[in-house]
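> Sharing a structure below in structure tokens format, with a few things to ask.
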Amino acid sequence: MEILKNRILECAEVIDGKILKVDSFLNHQCDIGLYNRIGQEFKNRFAKSDITKILTIEASGIGIACITAQYFGVPVVFAKKGTASNFTGEIYKSKVYSFTKEKHYEIIVAKKVLSEQDRVLIIDDFLANGNAVRGLIDILGQAGAKPEGVGIVIEKMFQKGRHEIIKMGIRLESLAVIKSLEQGKIIFE
Ligand code: 5GP
């Protein structure tokens, strides 16, 4: 997606040759015009899939998932991090290792918001090693819901996330795919 790649080249910062900081349009300040283009692009790419729900993880995925959901006309469910004491009823849970925070955390989703009738599009801002997405797929498995695909805004293909998703037979669509961030230089696929 050219407009996204251009914005990355203009505004992103590279940290330690492996992390991309995009706080000016995606992870802190949000460019809603760009979010709309992203939502439309996900809709185009998954036009033939019969999606009933979008699933993401708090916090950065929520905004993108909500805008994208407007193009699909379906609800968004976001997995909460940590044990939510205000959750009554039963929950699905999974464990995720955070690439940026370098620690494990638990994600939870209430059983009442996902069912085996759901065909789900998973949306997230970044794909690195695929731990967040695998946690969400694990929760879909517990619910008996079908993962129709994974939509990622920025994929770092030099990490193993793509491989992890593809080997499960799940379709992956990434809007900007980065081959390398070595020496602070952003190289797209
Ligand atoms: P994974 O679970 O695929 O290893 O990492 C994906 C998650 O970690 C995303 O939800 C995102 O929040 C965060 N993440 C991974 N790599 C980056 C990065 O380069 N930049 C930013 N801003 N977040 C990242």
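The values are calculated or read from the model by the stated rules, or taken from the named source; none is laboratory data. Here the structure is a predicted model, which is why all the values come from computation and not from measurement. Cβ placement follows ideal geometry from the backbone for every residue including glycine, while neighbour counts extend to all protein chains displayed.
> For the subset of segment 92-145 comprising residues that are free of Cβ contacts under 8 Å to residues at least 12 places away in the same chain and of a type outside the set (Lys, Arg), which member is farthest from Asp50 (Cα to Cα)?
Filtering segment 92-145 for residues that are free of Cβ contacts under 8 Å to residues at least 12 places away in the same chain and of a type outside the set (Lys, Arg), the one farthest from Asp50 (Cα to Cα) comes out as Glu102.
> Also, quick follow-up: Conditions first: (1) within 14 Å of the chain's Cα centre (by Cα); (2) part of a strand (DSSP E or B); (3) over 19 Å from Glu173 (Cα atoms). Asn27 passes all but one, so which condition is the exception?
Of (1) within 14 Å of the chain's Cα centre (by Cα); (2) part of a strand (DSSP E or B); (3) over 19 Å from Glu173 (Cα atoms), only one is false for Asn27: (2).
> While we're here: Quick one: would you say Lys53 is modelled with pLDDT of 95 or more and either surrounded by fewer than 14 Cβ atoms within 10 Å (Cβ to Cβ) or within 14 Å of the ligand (Cβ to nearest atom) (or both)? Please lay out each step first, then the result.
Numbers: modelled with pLDDT of 95 or more: yes; either surrounded by fewer than 14 Cβ atoms within 10 Å (Cβ to Cβ) or within 14 Å of the ligand (Cβ to nearest atom) (or both): no.
Considered against the rule, which asks whether it is modelled with pLDDT of 95 or more and either surrounded by fewer than 14 Cβ atoms within 10 Å (Cβ to Cβ) or within 14 Å of the ligand (Cβ to nearest atom) (or both), Lys53 comes out as no.
> If you don't mind, there's one more thing I want to ask. Going through segment 56-77 one residue at a time, which ones are at pLDDT below 95 and of a type in the set (Ser, Thr, Tyr)?
The one that is at pLDDT below 95 and of a type in the set (Ser, Thr, Tyr): Ser60.
> Would you point out which residue out of Gly82, Gly17 is at pLDDT below 95, in contact with a strand residue (DSSP E or B) (Cβ under 7 Å, 6 or more places away or on another chain), within 16 Å of the ligand (Cβ to nearest atom) and not β-branched (Val, Ile, Thr)? Give the derivation first.
On the way: Gly17 fails: in contact with a strand residue (DSSP E or B) (Cβ under 7 Å, 6 or more places away or on another chain).
None of the others qualify; the one that does is Gly82.
> Now for a different question. Among the residues of segment 121-148, write down those that are of a type outside the set (A, V, I, L, M, F, W, C), part of a strand (DSSP E or B) and within 16 Å of the ligand (Cβ to nearest atom).
Asp124, Asp125, Pro147
Rundown of residues vs (1) under 13 Å from the mean Cα position of the chain (by Cα); (2) more than 22 Å from Asn44 (Cα to Cα); (3) within 14 Å of the ligand (Cβ to nearest atom); (4) of a type in the set (Asp, Glu), yes/no style:
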residue	(1), (2), (3), (4)
Phe99	no, yes, yes, no
Ile108	no, yes, no, no
Arg119	no, no, no, no
Val150	yes, no, yes, no
Leu172	yes, no, yes, no
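> May I pose another question? Is at least one residue of segment 44-52 assigned to a helix (DSSP H, G or I) and over 21 Å from Ser115 (Cα atoms)?
The answer is yes, given that some residue of segment 44-52 is assigned to a helix (DSSP H, G or I) and over 21 Å from Ser115 (Cα atoms).
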